[in-house]
1. Taking I390, is it over 15 Å from L227 (Cβ atoms) and of a type in the set (A, V, I, L, M, F, W, C)?
2. Hey, could you check region 269-281 for residues that are of a type in the set (A, V, I, L, M) and more than 47 Å from the chain's Cα centre (by Cα) and say which is farthest from M211 (Cα to Cα)?
3. Of the residues that sit in region 282-297 and are part of a helix (DSSP H, G or I) and more than 47 Å from the chain's Cα centre (by Cα), which one is surrounded by the most Cβ atoms within 10 Å (Cβ to Cβ)?
4. Can A419 be described as hydrophobic (A, V, I, L, M, F, W, C), without any contact (Cβ under 8 Å) to a residue 12 or more places away in the chain and closer than 23 Å to E279 by Cβ?
5. Restricted to region 245-281, and to residues that are without any contact (Cβ under 8 Å) to a residue 24 or more places away in the chain and surrounded by fewer than 17 Cβ atoms within 10 Å (Cβ to Cβ), which residue is farthest from P204 (Cα to Cα)?
6. For G329, are the conditions met, namely being touching a residue at least 40 places away in the same chain (Cβ under 8 Å) and either in a loop (DSSP other than H, G, I, E, B) or not assigned by TED's automatic domain parsing to the domain that holds I202 (or both)?
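The values are calculated or read from the model by the stated rules, or taken from the named source; none is laboratory data. Note that the coordinates shown come from a computational prediction; the quantities given were computed from them, not determined experimentally. Please note: Cβ atoms are built from the backbone with ideal geometry, for glycine as well, and neighbour counts cover all protein chains shown.
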Amino acid sequence: SSSSKDSGAYDLGELDQALFLYLDGQDTSTVQDQRKFIYADNSGMRPPTLNIFPSQPMHVEPPSSTKTNTGLVSPATSGSKRPSESSMELANARNDTLSSAPHPPVKALKSEGNRKGPTSSSEQEGPKTPDPKTLRRLAQNREAARKSRLRKKAYVQQLESSRIRLTQLEQELQRARTQGMFFGGGNIIGGDQGLPVGINNISPDAALFDMEYTRWLEEHHRLMCELRAAIQEHLPENELRIFVDNCLAHLDQVMNLKSMVAKTDVFHLVSGMWKTPAERCFMWMGGFRPSDLIKVILNQIEPLTEQQIMGICALQQSTQEAEEALTQGLEALNQSVSDIITSDSLSCPPNMTNYMGQMAVAINKLSTIEGFVRQADNLRHQAILRLHQILTIRQAARCLLAIAEYFHRLRALSSLWLARPRQDQ
């Protein structure tokens with residue numbers, strides 16, 4: 001950098017000499033004197049050089065008092081200023097371009113902010129209230145879901161109760177086998193002589209029926225308590241109908257139980273061993289007489305309209321006629337079996353050929369007893385259903401309560417009879 005400065009100063013000196021020669025027209029001595037004069041005026045200072053690092057900004061005009069001094073070096077100064085000025089102008093133009101150019105990210109952010117503004121305000125306002133149709137649909141969906149959960153819960157409870165019931169039944173059957181209740185091994189008591197086999201003289205199917213009937217009575221008592229409470233609360237008929245239908249469906253269950261045991265041990269039903277002693281006195285073909293039951297409840301469901309009274313009287317008459325027909329048929333069957341057994345001599349030992357022939361005919365006759373019991377159960381069932389059709393819902397509810405109370409008192413009478421004090425003879 002020092003060499004460049006020296007060369008610049010040398011060129012400036014040559015330029016000064018040429019200018020003085022041209023302008024003043026003086027000789028060499030005069031030029032030398034003039035140079036000496038300039039150097040004398042600037043004593044203590046070095047010859048002028050090119051100032052490439054000015055103390056003031058290059059674009060600022062110098063004051064007028066210094067124009068004469070700087071005019072001598074203006075060509076060199078102007079020449080040195082042009083590159084820097086052009087570079088500064090390019091930089092300024094670039095800055096102006098950047099400043100004048102649009103800023104998409106800022107606008108995008110602003111637009112995004114504006115877009116978020118209404119959304120947040122709408123969220124602060126909360127959801128709009130749905131129309132009544134939507135509310136009604138939502139309420140219906142909730143109600144349907146609630147009913148579905150209730151049905152599922154009832155189904156699960158029914159499965160659980162059935163499982164517990166089956167477990168108890170297996171335990172009771174096992175206990176009965178250990179006690180020698182059934183036929184297994186009972187022939188040593190003299191089964192070949194036709195004597196009673198086992199302790200209680202009942203078959204496994206009959207024992208199973210007795211246990212099922214006991215559970216049926218417990219459930220029947222619970223349903224009657226619910227029906228009585230519903231009547232006392234004066235529920236509307238549409239709600240009361242549900243309780244009545246449940247009771248009628250429960251009566252169908254005991255009919256199904258009896259039909260199953262009638263296929264395997266019909267004599268157990270006819271004997272009434274599954275009933276209490278007082279109930280056996282009123283037994284008719286494995287159950288109650290429907291005509292007698294109609295008489296009992298006729299005075300318990302008053303007041304009745306004239307049309308209802310006529311319908312009940314007609315039902316009672318038709319029921320009595322059907323009972324008489326079945327009774328006569330059963331009596332004829334009994335007489336026929338008796339005649340078959342006594343058709344040969346009752347001597348002992350009997351003629352085995354005739355004896356086995358008579359037994360085969362008698363067995364065929366006895367098989368028809370199952371048909372009589374089925375017809376009697378069907379008559380009982382139809383009588384109750386017919387009463388339900390004649391009476392109103394509230395009257396039918398009182399009718400079912402009267403029937404349940406009637407048999408409850410018969411069972412209570414049996415318990416009192418068995419628990420009565422006995423005097424020693």
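1. yes
2. A278
3. If we take residues in region 282-297 being part of a helix (DSSP H, G or I) and more than 47 Å from the chain's Cα centre (by Cα), then S291 is surrounded by the most Cβ atoms within 10 Å (Cβ to Cβ).
4. Yes; evaluated as a whole, the condition is true for this residue.
5. D245
6. Considered against the rule, which asks whether it is touching a residue at least 40 places away in the same chain (Cβ under 8 Å) and either in a loop (DSSP other than H, G, I, E, B) or not assigned by TED's automatic domain parsing to the domain that holds I202 (or both), G329 comes out as no.
Matching residues to (1) among the β-branched types (V, I, T); (2) part of a helix (DSSP H, G or I); (3) modelled with pLDDT under 90:
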| position | (1), (2), (3) |
| --- | --- |
| V270 | yes, yes, no |
| M273 | no, no, yes |
| M310 | no, yes, no |
| S318 | no, yes, no |
| V361 | yes, yes, yes |
